[in-house]
Structure formats: C-alpha cells, structure tokens
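One structure is given below, encoded as structure tokens.
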Amino acid sequence: MQNDFMQISVGGVKVGLVGLAEVFIEAQARKFADDSELAQFLLVAVKKRNYVAPSSEENYLTALLREFRRHMGQPLPADSGPQPLEIRVLGPGCVNCEKLEQECIAALAELNMSADFEHVRDIEKFRDYGVVSVPALVINRKVKSIGRAPAREQIKKWILEETLR
C-alpha cells in the first residue's frame, strides 16, 4: 500500500500521520477485548511510522480511538472538552467554490476565531457529507449551504450558532 498521509486532531492540534489508513485496516481485521486494548494497538502501530512524543501519548490514544470510530462509522463518544470548530468547503475549485473559501476565511478573521478549516476538492469525499451539488459549506459536519456561496454575514451567523452549541 502506498504511503498515505492523514491529518487528525490530537489534543486540539492538527497532526499529520503516515500510514494511518493501513493501521485502521489492520485493526479492523483483529478482535480486541476493549477500547483500551484497541487504542494501545493503534498507538503502537502508528509509532512504527511516526514520531509520537511520550508526553503526548495519552492525547494520541484518545485521538486515534476517536478517528478509528469515525473510520468505522461508529458513534463518537462525547468528549468532556469543547470540540474545535470544523469548517469544510466542498468543491473542485470552481469560481464559486473559491469565493466561498475566501468568504469563510474572511468571516473567521472578522470574528477573530480559529477553525479546523479545509477546502475539500476530492469529489469522492463529497458523498461523506451527503452532498451532490457544489459549492457546499459544512460546519461541524452539518451542511449549511449547497449550490451557492452565501454572504459573509450569513456564514458568520452559522459559525456563531455552532460555537454556542
């Protein structure tokens, strides 16, 4: 399998990991007694191809288990802390998609907020969000807009609504 690269949030920080998809496939094929055993397996397997600081191992255990559950389509546990704002612009890069990306970045700047922001250009990944028309705006995994680039004030309103939940 090729060296895949995947970003995940570990302790509120985005980190890139090599070979994570392969680790998930291997974990799927095994049976584990409990989540603790599964998380330990994930951490050991990830450390074979990535550096993990010993002081960050607990954060990695939590993050890897969460991402494995997401990969498997399982419900995610309710974490005790606040989740980072996640914003996705879906679109291959057309004029309206680029406009939506810029409006989102400007809205975040005006609100003085940070977010886990990504412009998803891979058409295959649009289905993960149930989207067939672009551009689309997804905030915290909720589709807010499809087929248009909404006004910046509307984007700001949606961002604020999601941060107050």
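The values are calculated or read from the model by the stated rules, or taken from the named source; none is laboratory data. This is a predicted model, so every value here is computed, not measured. Heads up, the Cβs are rebuilt from the backbone with ideal geometry, glycines too, and the neighbour counts pull from every protein chain shown.
Of note:
- Count of region 1-16 residues, restricted to those that are out of contact with any Asp or Glu (no Cβ under 9 Å at 6 or more places or on another chain) and within 20 Å of Glu57 (Cβ to Cβ), is 5.
- When region 25-56 is filtered for residues that are touching a Phe, Trp or Tyr at 6+ places or on another chain (Cβ under 9 Å), more than 24 Å from Lys14 (Cβ to Cβ) and in a loop (DSSP other than H, G, I, E, B), the ones remaining, listed by number, are Arg30, Phe32.
- When restricted to residues that are surrounded by 12 or more Cβ atoms within 10 Å (Cβ to Cβ) and in contact (Cβ under 8 Å) with a residue 12 or more places away in the chain, region 26-56 contains 14.
- Residues of region 110-142 satisfying the condition of being surrounded by 13 or more Cβ atoms within 10 Å (Cβ to Cβ) and of a type in the set (Gly, Ala, Ser): Ala115, Ala136
- Failed item in (1) assigned by TED's automatic domain parsing to the domain that holds Pro150; (2) more than 25 Å from Lys156 (Cβ to Cβ), with Cys97 passing the rest: (2)
- Condition met for Ala151 (in contact (Cβ under 8 Å) with a residue 12 or more places away in the chain, surrounded by 13 or more Cβ atoms within 10 Å (Cβ to Cβ), touching a helix residue (DSSP H, G or I) at 6+ places or on another chain (Cβ under 8 Å) and not polar (S, T, N, Q)): no
- Among the conditions (1) within 22 Å of Val120 (Cβ to Cβ); (2) among the hydrophobic types (A, V, I, L, M, F, W, C); (3) at pLDDT 90 or above, the only one that Ile8 does not satisfy is (3).
- Of the residues Ser56, Ser114, the single one that is within 25 Å of Gly19 (Cβ to Cβ) and among the polar types (S, T, N, Q) is Ser56.
- Cβ-Cβ contacts under 7 Å between residues 6 or more apart (or on different chains), taken from a first residue in region 71-94 that is more than 22 Å from Arg121 (Cα to Cα) to a second residue that is modelled with pLDDT of 65 or more, are listed as Leu76/Arg66; Leu76/Arg69; Leu76/Arg70.
- Which listed residue, of Glu26, Glu22, Glu37, is farther than 21 Å from Asp116 by Cα, under 20 Å from the mean Cα position of the chain (by Cα), modelled with pLDDT of 90 or more and charged (D, E, K, R): Glu22
- Scanning region 3-24 for residues that are assigned to a loop (DSSP other than H, G, I, E, B) and surrounded by 17 or more Cβ atoms within 10 Å (Cβ to Cβ) returns a single hit, Gly19.
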